[in-house]
1. If I go through the range 185-205 residue by residue, how many of them are assigned to a helix (DSSP H, G or I), in contact (Cβ under 8 Å) with a residue 24 or more places away in the chain and more than 16 Å from the chain's Cα centre (by Cα)?
2. Taking the range 60-91 as the region of interest, how many residues are closer than 29 Å to residue 221 by Cβ and crowded, with 18+ Cβ neighbours inside 10 Å?
3. So how many residues does the range 118-139 have that are surrounded by fewer than 24 Cβ atoms within 10 Å (Cβ to Cβ) and farther than 14 Å from residue 72 by Cα?
4. Could you list, in sequence order, all residues of the range 139-175 that are more than 24 Å from residue 95 (Cβ to Cβ), under 29 Å from the mean Cα position of the chain (by Cα) and in a loop (DSSP other than H, G, I, E, B)?
5. Could you tell me which numbered condition residue 23 fails, if it satisfies all but one of (1) surrounded by 11 or more Cβ atoms within 10 Å (Cβ to Cβ); (2) modelled with pLDDT of 90 or more?
6. Between 53, 105, which is over 21 Å from residue 225 (Cα atoms) and without any contact (Cβ under 8 Å) to a residue 24 or more places away in the chain?
7. Sort through 181, 151 and tell me the only one that's crowded, with 19+ Cβ neighbours inside 10 Å and more than 30 Å from residue 54 (Cβ to Cβ).
8. Return yes when residue 220 is crowded, with 19+ Cβ neighbours inside 10 Å, assigned by TED's automatic domain parsing to the domain that holds residue 243, in contact with a helix residue (DSSP H, G or I) (Cβ under 6 Å, 6 or more places away or on another chain) and over 23 Å from residue 82 (Cβ atoms) and no when it is not.
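The values are calculated or read from the model by the stated rules, or taken from the named source; none is laboratory data. This is a predicted model, so every value here is computed, not measured. Cβ placement follows ideal geometry from the backbone for every residue including glycine, while neighbour counts extend to all protein chains displayed.
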């Protein structure tokens with residue numbers, strides 16, 4: 001297992017180095033900062049962005065929007081998933097809603113949000129709408145995949161619904177969510193920034209991306225992309241830490257408690 005882990009890390013590092021080498025080579029061949037900026041100009045652009053007095057406000061508000069939208073999506077997905085399992089009527093009602101949200105183009109959601117909501121709320125709403133179906137379906141599948149024998153045993157011993165939810169449903173939900181939390185957070189971050197690009201809130205990564213685009217500052221766009229990738233990596237480590245913490249408390253397997 002350790003050998004495979006080391007090989008994966010080596011391959012990951014090699015692929016990243018290959019991307020950087022290709023970037024350097026292509027930027028020199030194209031020799032046009034607007035089309036493809038050089039590595040050095042991007043690093044300089046990154047330095048200018050970070051040295052901006054408003055950088056941490058911009059970064060903080062975008063992260064806050066993405067985290068808040070994700071937490072709201074996750075909370076509602078868990079509640080609605082459990083209720084849908086308990087109620088066939090709600091399960092049937094949620095099917096067309098989730099399908100509609102999953103198939104609606106992102107740009108249509110953003111345009112509607114711009115009509116309905118304040119510019120500051122639009123990115124959060126867009127992130128919520130795009131991630132909710134993924135989380136809801138994962139929660140519902142996790143509950144539906146629970147061994148029926150365990151549920152039958154709970155009914156035989158007259159275990160209350162509240163205890164069934166706490167001791168059987170929630171651990172199964174966490175197991176299912178562990179596999180998709182990092183990717184869901186990454187999608188949410190992208191959607192929030194996409195919403196910011198069009199809604200233009202005062203402090204936002206998306207707003208600054210749009211400004212860089214207007215002035216054809218491609219190196220600035222690349223610099224912000226690097227920052228966004230760094231935030232995504234931070235989210236990945238955060239999720240791994242949370243999952244590890246939950247597993248260490250032996251909460252994921254109710255049969256061990």
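1. So the count comes out to 2.
2. Residues meeting the conditions: 8.
3. Residues in the range 118-139 being surrounded by fewer than 24 Cβ atoms within 10 Å (Cβ to Cβ) and farther than 14 Å from residue 72 by Cα: 5 in total.
4. Listed by number, the list is empty, since nothing qualifies.
5. All conditions are met except number (2).
6. After applying the criteria, what remains is 105.
7. The unique qualifying residue is 181.
8. Criteria met by residue 220.
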